[in-house]
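S.K.: Quick one: structure below, then a few questions.
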Amino acid sequence: MKITEQIYISGSLQLGISGRWDSHVYVVKGPDGLVMIDAGGGGSGDLIFDNIRRDGLDPADIKTLLLTHNHFDHACGAAEIREATGCAVYLSVKSKDMLERGTAAEAGLDLAIEHGVYPSDFKYRNCVVDKAVEDGDEIEAAGLRFRAIGVEGHSPDSICYLVEIDGKQNLFAGDVLFYGGVIGLINAPGSSMDGYRKELKKLGGLNVDGLFPGHMLFTINGGQAHIDAAIEQCGKGSIPQTIGNCGVIF
């Protein structure tokens, strides 16, 4: 599904265009190929590739897969994408080893199943990580330059990716924050307000136009207002609106 001349959404449970456990899967067209942002939960690679082809693109041109964090709905599809395309997989240095060699129990899948988030037969899929990403890294991919911004809060390993396209700043935020200033605080190990208080301010002053989160609505203009709303809410004395309580601030 084409969003702008260079940004597409090729997978999503909420939009009904790919698998049951898929976050938004974005594809960015650069001068030298394609960059995919997140990979979904696995098992729906063919649907994602079909969507890419319908938009007139070739999945074989995917050069790089940027994972925003190692939660199952974003990263368990990585091995499938990498095997089919030969793309390089990028993930935070904090969770590289877990995606490569961790067990389902170590990754917290047992708890997620117990909470009813995933079915008992959901599979944790390991994947080689070609590049461990750190906060502040500049990533050259498909002729584009992405800036990695580490923001703890939703998870310790969350990375947002900022890229300028045709003079506009676009932020792929994963589950750090969402449309309307909603934050991604969840009832899971490693998710904390301490992380948000410490690091969400890194996203201030970026003049973001396009805000592309891992779920729910995205916007191609005025994205910074949603970021600033989240930062403001995190500076108050009460818990901000979160992904589990999906009312919006404006």
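S.K.: Taking the range 102-117 as the region of interest, how many residues are part of a loop (DSSP other than H, G, I, E, B) and touching a residue at least 40 places away in the same chain (Cβ under 8 Å)?
M.R.: 2
Here is a yes/no grid of residues against (1) among the hydrophobic types (A, V, I, L, M, F, W, C); (2) crowded, with 23+ Cβ neighbours inside 10 Å; (3) free of Cβ contacts under 8 Å to residues at least 60 places away in the same chain:
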site	(1), (2), (3)
L13	yes, no, no
I17	yes, no, yes
D22	no, yes, yes
P31	no, no, no
L34	yes, yes, no
G42	no, yes, no
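S.K.: Of all the residues that make up the range 118-156, how many are among the hydrophobic types (A, V, I, L, M, F, W, C), at pLDDT below 95 and either more than 19 Å from A78 (Cβ to Cβ) or outside any loop (DSSP other than H, G, I, E, B) (or both)?
M.R.: 0
S.K.: Of everything in the range 157-197, what is assigned to a strand (DSSP E or B) and on the phi > 0 side of the Ramachandran plot? Give them in sequence order. I'd like the intermediate steps shown before the answer.
M.R.: Applying the first criterion (assigned to a strand (DSSP E or B)) to the range 157-197 yields 159-165, 168-174, 177-178, 182-183.
G174, the sole residue that qualifies.
S.K.: Here's something else I'd like to know. Return yes when K63 is of a type in the set (K, R) and either closer than 20 Å to V27 by Cβ or in a strand (DSSP E or B) (or both) and no when it is not.
M.R.: Details: of a type in the set (K, R): yes; either closer than 20 Å to V27 by Cβ or in a strand (DSSP E or B) (or both): yes.
So K63 fits the description; yes.
S.K.: A follow-up question, please. Checking the condition surrounded by fewer than 22 Cβ atoms within 10 Å (Cβ to Cβ), of a type in the set (A, V, I, L, M), out of contact with any Phe, Trp or Tyr (no Cβ under 6 Å at 6 or more places or on another chain) and part of a helix (DSSP H, G or I), which residue from L47, L99, L57 passes?
M.R.: Just a single option satisfies the conditions, and that option is L47.
S.K.: Tally the residues that are assigned to a helix (DSSP H, G or I) and crowded, with 17+ Cβ neighbours inside 10 Å, restricting the search to the range 220-245.
M.R.: Keep residues of the range 220-245 that are assigned to a helix (DSSP H, G or I), which gives 223-234.
Retained after the next criterion (residues that are crowded, with 17+ Cβ neighbours inside 10 Å): 223-224, 226-227, 229-231, 233-234.
Number satisfying all stated conditions: 9.
S.K.: Still on this structure, I have one more. Taking interchain pairs and intrachain pairs at least six residues apart, which have beta carbon atoms under 7 angstrom, with the first residue in the range 68-89 and over 23 Å from D135 (Cα atoms) and at pLDDT 95 or above and the second part of a loop (DSSP other than H, G, I, E, B) and β-branched (V, I, T)?
M.R.: Between residues of the range 68-89 that are over 23 Å from D135 (Cα atoms) and at pLDDT 95 or above and residues that are part of a loop (DSSP other than H, G, I, E, B) and β-branched (V, I, T), the close pairs are R82/V128.
S.K.: Pick from L217, L206, L171: which is modelled with pLDDT of 95 or more, aliphatic (A, V, I, L, M) and surrounded by 23 or more Cβ atoms within 10 Å (Cβ to Cβ)?
M.R.: L171
S.K.: Residue check: is V28 within 18 Å of F146 (Cβ to Cβ) and not in a loop (DSSP other than H, G, I, E, B)?
M.R.: The answer is yes for V28.
S.K.: For the range 220-250, what are the residues that are more than 17 Å from the chain's Cα centre (by Cα), modelled with pLDDT of 90 or more and within 26 Å of I17 (Cβ to Cβ)?
M.R.: Matches in the range 220-250: N221, G222.
The values are calculated or read from the model by the stated rules, or taken from the named source; none is laboratory data. No experiment lies behind these values; they were computed from the predicted model shown. Reconstructed Cβ throughout: ideal geometry from the backbone, glycine too, with neighbour counts over all protein chains shown.
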